[in-house]
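> What follows is a single structure, and I will ask about it in a moment.
The values are calculated or read from the model by the stated rules, or taken from the named source; none is laboratory data. Source: prediction; values computed, not measured. All Cβ positions, even for glycine, are placed from backbone atoms using ideal geometry, and neighbour counts span all protein chains on display. These area figures cover heavy atoms from the full protein model, side chains too; ligands, DNA and RNA do not enter into them. Shrake-Rupley method; radii C 1.70, N 1.55, O 1.52, S 1.80 Å.
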Amino acid sequence: MKLRCIIVDDEIMARKSLQKLCEQHSALELVAICENVQQALKVLEQNEIDLIWLDVEMPEMTGFDLLEKITTTTTQVILTTSKIEYAYDAFQYQVTDYLKKPITGPRFNLAVEKVLDLRQKKDSPLQQHNEIYIKHEGRYIRLPYSDIQFVENIGDYVKIYTSKQAYIIHTTMKSLEEKLGKQFLRVHRSFIVHLDKIVDIEENNLVIANKVIPISRANKSELMNRLNML
């Protein structure tokens with residue numbers, strides 16, 4: 001299976017150079033070439049993308065603006081820039097790699113190998129779990145994934161809903177999303193749902209246990225792709 005990727009860069013020569021490198025690599029499928037962040041957001045709404053080659057300095061919206069809007073952790077990002085001073089910010093966003101222009105073939109291939117390695121580790125059976133442990137009232141409680149219905153963001157905390165009880169823990173949605181299994185999906189910046197618990201979907205909302213949960217435009221496409229639709 002190939003990595004579905006997009007290029008986001010306002011410089012035509014940089015786009016052409018990356019396009020050539022992508023098309024020469026057997027592990028990559030180039031889905032779209034975007035000149036700005038707005039174009040990239042439209043592509044991400046309509047497609048499930050594994051990897052983004054992302055420039056930093058672009059007019060109107062920067063590469064970091066796009067990173068702020070990406071809600072899924074399944075999409076890896078490699079920053080491409082002519083300046084090294086963005087490295088610290090890149091680290092804060094936990095991007096997979098950071099390439100300085102001009103990008104050479106060997107360095108490009110090394111970055112792709114890093115993406116593939118991280119993906120393989122995430123998909124490995126050794127990395128898969130069927131439960132999560134949460135700290136509640138001074139002790140750690142085992143929560144099987146099958147018991148979790150959905151998760152809601154409440155400021156600096158998240159609220160995990162089960163059929164019997166709700167637990168409030170001090171963590172971030174991003175951190176929890178990375179730990180949960182493939183049966184979970186972030187459908188909105190404030191909600192992660194267990195796909196098997198969805199009762200129905202209508203327009204931009206879904207229902208789990210009588211709770212109406214909003215679906216963001218950015219996440220709707222991935223949700224529909226993950227469900228067994230007729």
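> Strands (runs of 3 or more DSSP E) wholly in the range 159-230 with at least 2 residues that are open to solvent by 20 Å² or more (accessible area, probe 1.4 Å) - which ones?
Where strands (runs of 3 or more DSSP E) fall fully within the range 159-230 and carry at least 2 residues being open to solvent by 20 Å² or more (accessible area, probe 1.4 Å), they are 166-169, 184-188, 200-202, 205-208, 211-214.
> Here is a follow-up. It is to be established whether one or more residues within the range 9-25 are of a type in the set (Ser, Thr, Tyr) and open to solvent by less than 60 Å² (accessible area, probe 1.4 Å).
Yes, there is a match, as at least one residue in the range 9-25 is of a type in the set (Ser, Thr, Tyr) and open to solvent by less than 60 Å² (accessible area, probe 1.4 Å).
> When only residues in the range 147-158 that are without any contact (Cβ under 8 Å) to a residue 24 or more places away in the chain and not β-branched (Val, Ile, Thr) count, which is surrounded by the most Cβ atoms within 10 Å (Cβ to Cβ)?
Only one residue fits best here, namely 147.
> A further question follows. Check residue 218 against each of (1) in contact with a Pro (Cβ under 7 Å, 6 or more places away or on another chain); (2) in contact (Cβ under 8 Å) with a residue 40 or more places away in the chain and name the one condition it does not meet.
The single condition residue 218 does not satisfy is (1).
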